[in-house]
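Participant: I have a structure I would like to understand better, so I am pasting it below and will then ask my questions one at a time.
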Amino acid sequence: MRSICNAALTEDFGCTTVFDEQGRIQMVHPMNEPFPTYGQFRHIVVNKFGLKEVQTTVYGQARMRRDAVVDEGSYSSQYANALECLEVDAYYCKDRPIASDSDGVLPTLVVARAVCGVTGKRLGIGFSIIGERQDAYKSAIVSMAMPAEMLARVYGVPVDSLRGHTPTMSRSLLSDRGPAGQQSLLDDLEAKFPVKSITVSYSGQSKPTVESANPRTPKLEGAPSFLQSSHFLGSMMKREVLRTMAENHHSNIIERLAPAVVHEFHTLAYPATPHFYWTYLSERLRTCAQFMDWRDAMRAFGTRTKFAVLKSGLAWKGVTFSSQELRDGLHEELVRKGVEYVSGYTLSLVARCVWVEIRGKLLELEPSLRIQSDMEELLLPLSSLVDLVQERAEVNSATRQAAQASMVQLERTVKEETGFSLNAGQRRGGSPKKTASALAEAKALRGAPSVPTRRRA
């Protein structure tokens with residue numbers, strides 16, 4: 001405001017500055033005409049445009065909305081039913097997972113979640129690493145349609161920890177302008193969601209339910225530092241899945257409940273949590289949720305992947321996958337027909353479960369490990385599996401060089417210790433003769449007692 005006043009005094013009123021006898025600078029008018037002070041100028045502007053309009057122009061709409069003295073209403077007041085709006089957003093874990101093959105740390109794990117905009121219930125979860133990515137949001141939407149048993153297999157958590165999770169899908173989606181709002185994803189979602197809304201930039205209040213559901217991390221002052229977790233990537237993903245599902249049973253949402261609903265919750269002995277609010281509305285058929293089969297959700301939002309058909313199974317990024325249903329004739333049929341690749345789907349950071357489509361049917365496959373191993377090792381980013389192919393080739397090259405050096409060492413050692421080369425000898429025709437002396441020598445070497453030979457009289 002002061003800068004505007006100064007510009008007006010100079011350009012509109014034509015004021016100039018002079019120095020008095022004591023060296024103090026003063027503002028004067030060349031024609032000795034009156035001009036306003038800053039207080040008078042501000043009073044006139046506020047009376048003309050209003051205080052709110054002036055403050056909005058000076059501080060911006062986002063700050064005025066955030067620091068408003070009086071609320072203009074609840075965001076959720078426009079909704080009445082469960083899952084009338086689905087909000088998606090992502091947060092960064094405050095700690096960094098440790099690397100499984102070194103003492104270093106991995107980049108921060110990003111957790112994308114799908115939350116009901118009315119009840120606050122956490123419905124889906126997905127992951128990404130090295131930044132917020134579309135695959136995480138797609139995985140979160142797919143997980144919404146998964147049964148609890150399948151979701152538990154995907155992330156390796158107990159089924160009991162997913163209590164209250166039911167397959168569902170929304171008719172609308174609300175996101176910010178991050179990766180969930182990019183045009184490539186919007187084009188893909190256009191045929192899946194009737195309504196796809198994007199909030200304005202830098203406006204968390206436009207989707208307050210999911211924003212308030214994200215964990216808070218206080219910023220520490222002082223020298224830069226980071227929190228190194230004791231969790232590997234797989235166990236950290238498990239932790240976030242368990243945290244997300246547990247929040248459905250301990251988050252307090254009593255401020256969202258109308259007085260009549262509070263009375264009914266008291267009568268039913270319901271706690272004011274997202275799970276019971278969802279249950280309350282669903283029992284009264286106040287829900288906009290619709291059913292979507294997990295297979296359709298996987299085809300719509302899963303990451304399309306090609307699997308190579310091998311004799312050992314279906315391979316992808318150096319890992320071989322199979323299942324009992326695949327082994328019951330389908331795998332052999334693919335090999336006999338000479339099929340090289342089949343199409344399938346994967347989820348971000350998940351390699352312990354993949355899905356392939358054969359004869360229009362979606363099959364769930366698991367890794368075929370040569371030895372017993374921890375399945376958490378297969379909770380990897382897709383980029384890590386790409387690196388795995390390169391690493392496998394490099395390890396193979398190093399193995400060939402080491403094997404060649406070992407064979408050379410073997411041949412030299414055998415020559416030095418025995419006087420003969422490793423494959424010394426010659427091929428002779430016929431069958432080997434079994435002489436008595438050779439047989440006796442063999443028995444002696446074996447430690448068998450020798451049988452005296454009877455001579456004929």
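Every number here is computed from the coordinates shown, using simple stated rules; none is lab data. Here the structure is a predicted model, which is why all the values come from computation and not from measurement. Heads up, the Cβs are rebuilt from the backbone with ideal geometry, glycines too, and the neighbour counts pull from every protein chain shown.
Participant: What does the extension gain come out to for GLN404 and GLU53, with contour length at 0.36 nm per residue minus their alpha carbon separation?
Facilitator: Working: separation 351, 0.36 × 351 = 126.36 nm, distance 8.05 nm.
Once the chain is fully extended between GLN404 and GLU53, it gains 118.3 nm.
Participant: Where in region 251-309 are there GluC sites (Glu not before Pro) that are in a DSSP coil and have at most 16 other Cβ atoms within 10 angstrom of their Cβ? Display every interim value, and only then the final one.
Facilitator: Numbers: sites: GLU255, GLU264, GLU283; in loops: none.
Passing both the DSSP loop test and the Cβ count: no residue.
Participant: Here's a follow-up. What ranking of MET169, MET150, MET407, MET245 emerges when the number of other C-beta atoms within 10 Å of each C-beta is taken as an exposure proxy, fewest first?
Facilitator: Numbers: MET169 23, MET150 15, MET407 11, MET245 20.
Least crowded to most crowded, the residues run MET407, MET150, MET245, MET169.
Participant: If you don't mind, another one. Dimensions of region 2-66 along principal axes (Cα, Å, largest first)?
Facilitator: 49, 22, 17
Participant: Another question, if that's okay. In region 1-53, which trypsin sites (Lys or Arg not before Pro) fall in coil by DSSP and have 16 or fewer other Cβ atoms within 10 Å? Don't jump to the answer; show the numbers that get you there.
Facilitator: Values: sites: ARG2, ARG24, ARG42, LYS48, LYS52; in loops: ARG24.
Of the trypsin sites (Lys or Arg not before Pro), the ones in loops of region 1-53 whose Cβ has at most 16 other Cβ atoms within 10 Å are ARG24.
Participant: Past 26 Å, Cα to Cα, is the threshold; run LYS121/LYS238; LYS238/LYS311; LYS94/LYS138; LYS138/LYS361 against it and keep the listed order.
Facilitator: Listed pairs above 26 Å: LYS238/LYS311.
Participant: Here's a follow-up. Can you put GLU21, GLU333, GLU240 in order of Cβ neighbours within 10 angstrom, beginning with the fewest?
Facilitator: Working: GLU21 5, GLU333 11, GLU240 20.
Ordered from fewest to most neighbouring Cβ atoms within 10 Å, GLU21, GLU333, GLU240 come out as GLU21, GLU333, GLU240.
Participant: Right, here's the next one. Can you sort LYS361, LYS138 so the residue with the fewest Cβ neighbours within 10 Å comes first? Provide the component values of the computation, followed by the final result.
Facilitator: On the way: LYS361 10, LYS138 25.
So the ranking, lowest neighbour count to highest, is LYS361, LYS138.
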